[in-house]
Each structure stands twice: as structure tokens, then as C-alpha cells.
Amino acid sequence: MTGSELAERAGVSRQVIVQDISLLKAKNEPVIATSEGYIFLHSTKNDTLFEKVIVCSHTPEQTKLELFAIVDHGVTVKDVKIEHPIYGDLSASVMVSNRNEVEYFLNKVADTNAPLLSQLTEGIHLHTLQADSLDKIEGACHMLEQIGILVKA
């Protein structure tokens with residue numbers, strides 16, 4: 001849900017929501033900000049999720065191909081990370097799990113004319129992948145390797 005939607009429902013300003021979300025994050029509540037709005041991550045003890053950090057390299061034009069290859073395997077792209085020469089490690093939430101979310105994310109990038117973080121590092125970046133099985137993550141990695149996007153150690 002976006003900050004504006006939360007503000008409207010609560011009858012307060014968007015700035016109040018932004019400040020309150022910051023306070024929740026400071027208390028380690030599982031709230032993240034994405035291009036689509038805020039997400040509260042529910043934690044259930046019965047769900048086992050696996051994560052893997054991968055290194056990718058591609059042009060901005062290949063971003064959709066990369067993200068589709070991952071989500072088509074039932075894998076969530078949690079974030080993107082780069083190593084910036086001035087600021088050090090930079091990380092941003094992505095949180096896409098299906099093609100609709102990928103399209104929304106890429107449309108938001110296009111509409112705002114915002115550069116992708118990977119453009120600051122000539123295409124090199126990391127993603128944290130998350131899925132309910134390691135097989136799904138390995139399948140996504142295999143696909144990324146086939147299309148020449150995964151950087152192997």
C-alpha cells in the first residue's frame with residue numbers, strides 16, 4: 001500500500017505516515033518500502049524460505065529479461081545492491097515476485113526516468129533471491145547463466 005493510500009485511510013498526511021513507518025523500521029518491525037508502496041512482511045514459523053545472493057551483469061535493456069527469468073521460477077527478487085566508489089555499499093528494495101510486479105517496477109523506473117543502480121557500476125550488481133525451495137533458486141540461476149547474465153565465481 002502506498003504512503004498516500006495509508007494517509008487517506010488514517011486521515012493523516014503522507015508525511016505522518018513516512019515518519020511513522022521510519023519509527024516502525026527503527027523498532028525492527030518487518031516493514032519495507034518498495035516502488036509499489038509499503039509492505040509488511042508477515043513471519044510465520046511454518047514457512048521456510050531460502051535465500052541466495054547472486055552477482056549479475058547486464059545492460060539496462062536486459063533488466064526485464066533478467067527479472068522475468070527469476071520470477072518465472074517462483075523466486076522473489078528482494079533487493080539490488082551495488083558497490084559505489086564514493087558511498088560504498090548501496091542497497092534498494094525491489095520485492096518483485098511475478099511478471100505483473102516486474103512490469104509495474106519497470107514502468108515506475110521509466111515514468112520517473114530514474115537510473116537503475118546497476119547503471120552506476122557498468123551493469124554489475126547483486127540480488128538477494130528468496131523462494132520456498134532451493135531448487136527454484138537454482139533453476140533461476142541456471143536460466144540467468146544460460147542467458148549470460150549470472151556472473152559465476
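The values are calculated or read from the model by the stated rules, or taken from the named source; none is laboratory data. Note that this is a predicted model, so its numbers are computed, not measured. Cβ: placed from backbone, ideal geometry, glycine included. Neighbour counts: every protein chain shown.
Looking for something under 20 Å from Lys136 (Cβ atoms) and free of Cβ contacts under 8 Å to residues at least 40 places away in the same chain - is there at least one such residue anywhere in the stretch 102-116?
Within the stretch 102-116, one or more residues are under 20 Å from Lys136 (Cβ atoms) and free of Cβ contacts under 8 Å to residues at least 40 places away in the same chain.
Would you point out the residue of the stretch 1-28, among those that are at pLDDT 80 or above and in a loop (DSSP other than H, G, I, E, B), that is farthest from Ile82 (Cα to Cα)?
Gly11
Given the criterion touching a helix residue (DSSP H, G or I) at 6+ places or on another chain (Cβ under 7 Å), of a type outside the set (D, E, K, R) and outside the structural domain of Ser133 (by TED's automatic domain parsing), identify the matching residue among Ala92, Ala69, Ala7.
Result: Ala7 is the single residue among Ala92, Ala69, Ala7 that is touching a helix residue (DSSP H, G or I) at 6+ places or on another chain (Cβ under 7 Å), of a type outside the set (D, E, K, R) and outside the structural domain of Ser133 (by TED's automatic domain parsing).
With the condition kept exactly as written, say whether any residue in the stretch 44-63 is at pLDDT 85 or above, under 19 Å from Val75 (Cβ atoms), of a type outside the set (A, V, I, L, M) and in a helix (DSSP H, G or I).
Yes, the stretch 44-63 has at least one match.
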